[in-house]
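Q: Could you have a look at this structure, given as structure tokens, before my questions?
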Ligand SMILES: [Zn+2]
């Protein structure tokens with residue numbers, strides 16, 4: 001009896017310690033998602049309940065923002081735990097966004113992706129509405145982080161048309177504009193995905209201003225190639241489409 005207890009008790013303690021550890025880890029990650037949500041709202045990248053954020057925390061657990069909540073109001077207990085099919089695995093009074101389908105498709109298509117951010121940043125979305133892909137080689141930061149940003153064809157919100165429209169671009173692109181809708185960014189971490197969304201909007205804004213001022217003056221092919229070489233030096237993660245514009 002004594003021997004049995006000596007074995008069982010430490011196992012239980014280990015299990016409790018593991019559960020508490022997982023809970024604290026999830027809590028920290030959920031807070032980080034809320035912080036990113038607040039930034040998206042502060043930067044005017046989302047209005048009302050727009051946008052969503054997800055983070056893959058293990059092979060079969062995803063943390064995701066709920067539907068119907070402004071990103072300005074997010075607190076950790078609102079963040080949902082789902083499996084990689086989008087089923088909620090920890091009971092919650094909140095529900096997943098219909099746009100979670102888009103996120104799930106990104107994780108299915110790309111094993112290297114750990115986080116996905118979807119928002120409607122106004123200048124970048126303006127390019128998506130005007131149907132002008134962001135294919136200008138102007139600033140090293142945008143060249144390094146994004147390269148060409150294509151536009152996925154329009155799909156009806158909440159249907160599979162939206163995730164389906166991403167498929168042809170996911171193998172090569174971490175950032176994609178969604179026609180008449182917004183943008184999506186994929187990253188090797190939550191911050192990495194979020195920073196790409198910031199870089200996208202900055203790239204769109206500076207390009208828009210340059211176009212208004214009389215047109216963009218792009219870097220030449222050698223300058224672009226030198227920029228691209230830095231991706232390896234800086235150990236930059238993710239996919240990069242290269243510079244197809246000059247390969248034609
Ligand atoms: Zn949206």
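The values are calculated or read from the model by the stated rules, or taken from the named source; none is laboratory data. Quick caveat, the model's predicted, so the values are computed rather than measured. With ideal geometry, Cβ positions are generated from the backbone for all residues, glycine too; neighbour counts draw on all protein chains shown.
Q: Would you mind stating whether residue 138 is in contact with a strand residue (DSSP E or B) (Cβ under 8 Å, 6 or more places away or on another chain) and either under 21 Å from residue 71 (Cβ atoms) or surrounded by 15 or more Cβ atoms within 10 Å (Cβ to Cβ) (or both)?
A: Values: in contact with a strand residue (DSSP E or B) (Cβ under 8 Å, 6 or more places away or on another chain): no; either under 21 Å from residue 71 (Cβ atoms) or surrounded by 15 or more Cβ atoms within 10 Å (Cβ to Cβ) (or both): yes.
No.
Q: Still on this structure, please answer the following. Residue check: is residue 132 farther than 23 Å from residue 238 by Cβ, surrounded by fewer than 23 Cβ atoms within 10 Å (Cβ to Cβ), in contact with a helix residue (DSSP H, G or I) (Cβ under 9 Å, 6 or more places away or on another chain) and at pLDDT 95 or above? Give the steps one after another, and end with the answer.
A: Numbers: farther than 23 Å from residue 238 by Cβ: yes; surrounded by fewer than 23 Cβ atoms within 10 Å (Cβ to Cβ): yes; in contact with a helix residue (DSSP H, G or I) (Cβ under 9 Å, 6 or more places away or on another chain): yes; at pLDDT 95 or above: yes.
Against the criterion (farther than 23 Å from residue 238 by Cβ, surrounded by fewer than 23 Cβ atoms within 10 Å (Cβ to Cβ), in contact with a helix residue (DSSP H, G or I) (Cβ under 9 Å, 6 or more places away or on another chain) and at pLDDT 95 or above), residue 132 qualifies.
Q: Give me the pairs, please: first residue somewhere in the range 1-20 and closer than 26 Å to residue 90 by Cα, second residue anywhere and assigned to a helix (DSSP H, G or I) and modelled with pLDDT of 75 or more, beta-carbon distance under 7 Å, and either six or more positions apart or on two chains.
A: Filtered contacts from the range 1-20: no entries.
Q: Filter the range 216-242 down to the residues that are over 24 Å from residue 111 (Cα atoms) and part of a loop (DSSP other than H, G, I, E, B) and list them by number.
A: 216, 217, 218, 219, 220
Q: Evaluate the following for residue 123: is it closer than 22 Å to residue 152 by Cβ and away from the ligand (no atom under 12 Å from the Cβ)? Don't jump to the end; show me each part of the working.
A: Values: closer than 22 Å to residue 152 by Cβ: yes; away from the ligand (no atom under 12 Å from the Cβ): yes.
Yes: the conditions hold for residue 123.
Q: Would you confirm whether or not the range 109-120 contains a residue that is modelled with pLDDT of 95 or more, within 11 Å of the ligand (Cβ to nearest atom) and out of contact with any helix residue (DSSP H, G or I) (no Cβ under 8 Å at 6 or more places or on another chain)?
A: Yes, because at least one residue in the range 109-120 is modelled with pLDDT of 95 or more, within 11 Å of the ligand (Cβ to nearest atom) and out of contact with any helix residue (DSSP H, G or I) (no Cβ under 8 Å at 6 or more places or on another chain).
Q: Can you name every residue in the range 85-96 that is under 17 Å from residue 118 (Cβ atoms) and either exposed (fewer than 15 other Cβ atoms within 10 Å of the Cβ) or modelled with pLDDT under 95 (or both)?
A: Result: 95, single match.
Q: Applying the selection to the range 154-191, what residues are out of contact with any strand residue (DSSP E or B) (no Cβ under 9 Å at 6 or more places or on another chain), on the phi < 0 side of the Ramachandran plot, part of a loop (DSSP other than H, G, I, E, B) and within 16 Å of the ligand (Cβ to nearest atom)?
A: Listed by number, the residues that qualify are 156, 157, 159, 160.
Q: Okay, next question. If residue 204 passes every condition in (1) within 16 Å of the ligand (Cβ to nearest atom); (2) buried (at least 24 other Cβ atoms within 10 Å of the Cβ) but one, which one does it miss?
A: Of everything listed in (1) within 16 Å of the ligand (Cβ to nearest atom); (2) buried (at least 24 other Cβ atoms within 10 Å of the Cβ), residue 204 misses just condition (1).
Q: Please find, among 26, 2, the residue that is more than 16 Å from the ligand (Cβ to nearest atom), surrounded by 14 or more Cβ atoms within 10 Å (Cβ to Cβ), modelled with pLDDT under 95 and over 30 Å from residue 167 (Cβ atoms). I'd like the intermediate steps shown before the answer.
A: Working: 2 fails: surrounded by 14 or more Cβ atoms within 10 Å (Cβ to Cβ).
So the residue among 26, 2 that is more than 16 Å from the ligand (Cβ to nearest atom), surrounded by 14 or more Cβ atoms within 10 Å (Cβ to Cβ), modelled with pLDDT under 95 and over 30 Å from residue 167 (Cβ atoms) is 26.
Q: Related question: Restricted to the range 48-71, and to residues that are within 16 Å of the ligand (Cβ to nearest atom) and not in a loop (DSSP other than H, G, I, E, B), which residue is farthest from residue 113 (Cα to Cα)? Lay out the reasoning, then the answer.
A: Narrowing the range 48-71 to residues within 16 Å of the ligand (Cβ to nearest atom): 48-54, 64-71.
Remaining after also requiring not in a loop (DSSP other than H, G, I, E, B): 52-54, 64, 66, 71.
On the way: 52: 16, 53: 13, 54: 11, 64: 14, 66: 20, 71: 22 Å.
Per the criteria, the residue is 71.
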